[in-house]
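**Student:** Structure provided below as structure tokens; questions to follow.
The values are calculated or read from the model by the stated rules, or taken from the named source; none is laboratory data. Everything numeric here is computed off the predicted structure, so don't read it as measured data. Here the Cβ is made from the backbone with ideal geometry for all residues, glycine too, and neighbour counts use every protein chain on show.
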Amino acid sequence: MTTDTRLHPQLEILLQLQDLQSQRRELLEAEPARRVEVEEFHIDIDAAVAQLEVKIAEVRDSLAPNVRSRYDRVAGGHQRVVVPVIGGTCYGCFTMIATAATGAHRNDVIQSCENCGRFVYIID
Ligand SMILES: [Zn+2]
């Protein structure tokens, strides 16, 4: 096995942040029927959303300042802030990324798409 799939720790945090945000969105956009279903489990959606927001703020605070400011910019315009690059193509905006680093340690550095600005991780 190689270390090819290892991600930069900041990318792991960004992925977690992305997941928390999508969970929050899902709760906020839940259909009334879904809300009833969730609340039948004695979960107050508003409380759950509030809890997620606390977590989101905590996780965001753990980002390095330069990564955090880029995250804020990207998250303002896109739901997904981290996307894969497969075969040299950014799966956020579907343009080729010529400058993306390759090789065994390509995901050891934080890279972003020069076209859409999203953070990327490279998959062959
Ligand atoms: Zn892109």
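**Student:** Of the numbered conditions (1) modelled with pLDDT under 95; (2) not in a loop (DSSP other than H, G, I, E, B), residue 2 satisfies every one except a single condition; which is it?
**Tutor:** (2)
**Student:** Among the residues of the range 59-76, is any of a type in the set (Ser, Thr, Tyr) and in contact with a strand residue (DSSP E or B) (Cβ under 7 Å, 6 or more places away or on another chain)?
**Tutor:** no
**Student:** In addition: If we keep just the residues of the range 78-96 that are free of Cβ contacts under 8 Å to residues at least 24 places away in the same chain and not in a loop (DSSP other than H, G, I, E, B), which is surrounded by the fewest Cβ atoms within 10 Å (Cβ to Cβ)?
**Tutor:** Among them, the one singled out is 96.
**Student:** Just give me the residues in the range 16-29 being hydrophobic (A, V, I, L, M, F, W, C) and exposed (fewer than 15 other Cβ atoms within 10 Å of the Cβ), in sequence order.
**Tutor:** The answer is 28, and nothing else.
**Student:** Any idea how many residues of the range 1-52 are without any contact (Cβ under 8 Å) to a residue 12 or more places away in the chain and not β-branched (Val, Ile, Thr)?
**Tutor:** Qualifying residue count for the region: 21.
**Student:** A further question follows. Can you pull out every residue in the range 27-47 that is part of a helix (DSSP H, G or I), out of contact with any Lys or Arg (no Cβ under 9 Å at 6 or more places or on another chain) and closer than 30 Å to residue 117 by Cβ?
**Tutor:** The one that is part of a helix (DSSP H, G or I), out of contact with any Lys or Arg (no Cβ under 9 Å at 6 or more places or on another chain) and closer than 30 Å to residue 117 by Cβ: 28.
**Student:** Considering only the range 53-72, how many residues are surrounded by fewer than 14 Cβ atoms within 10 Å (Cβ to Cβ) and either among the acidic types (Asp, Glu) or touching a Lys or Arg at 6+ places or on another chain (Cβ under 7 Å) (or both)?
**Tutor:** 4
**Student:** Report whether or not residue 108 is more than 16 Å from the ligand (Cβ to nearest atom), in contact with a Lys or Arg (Cβ under 8 Å, 6 or more places away or on another chain), modelled with pLDDT under 95 and under 18 Å from residue 8 (Cα atoms).
**Tutor:** Yes, satisfied.
Rundown of residues vs (1) within 16 Å of the ligand (Cβ to nearest atom); (2) of a type in the set (S, T, N, Q), yes/no style:
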{"residue": "16", "(1), (2)": "no, yes"}
{"residue": "28", "(1), (2)": "no, no"}
{"residue": "31", "(1), (2)": "no, no"}
{"residue": "49", "(1), (2)": "no, no"}
{"residue": "63", "(1), (2)": "no, no"}
{"residue": "77", "(1), (2)": "yes, no"}
{"residue": "80", "(1), (2)": "yes, no"}
{"residue": "89", "(1), (2)": "yes, yes"}
{"residue": "93", "(1), (2)": "yes, no"}
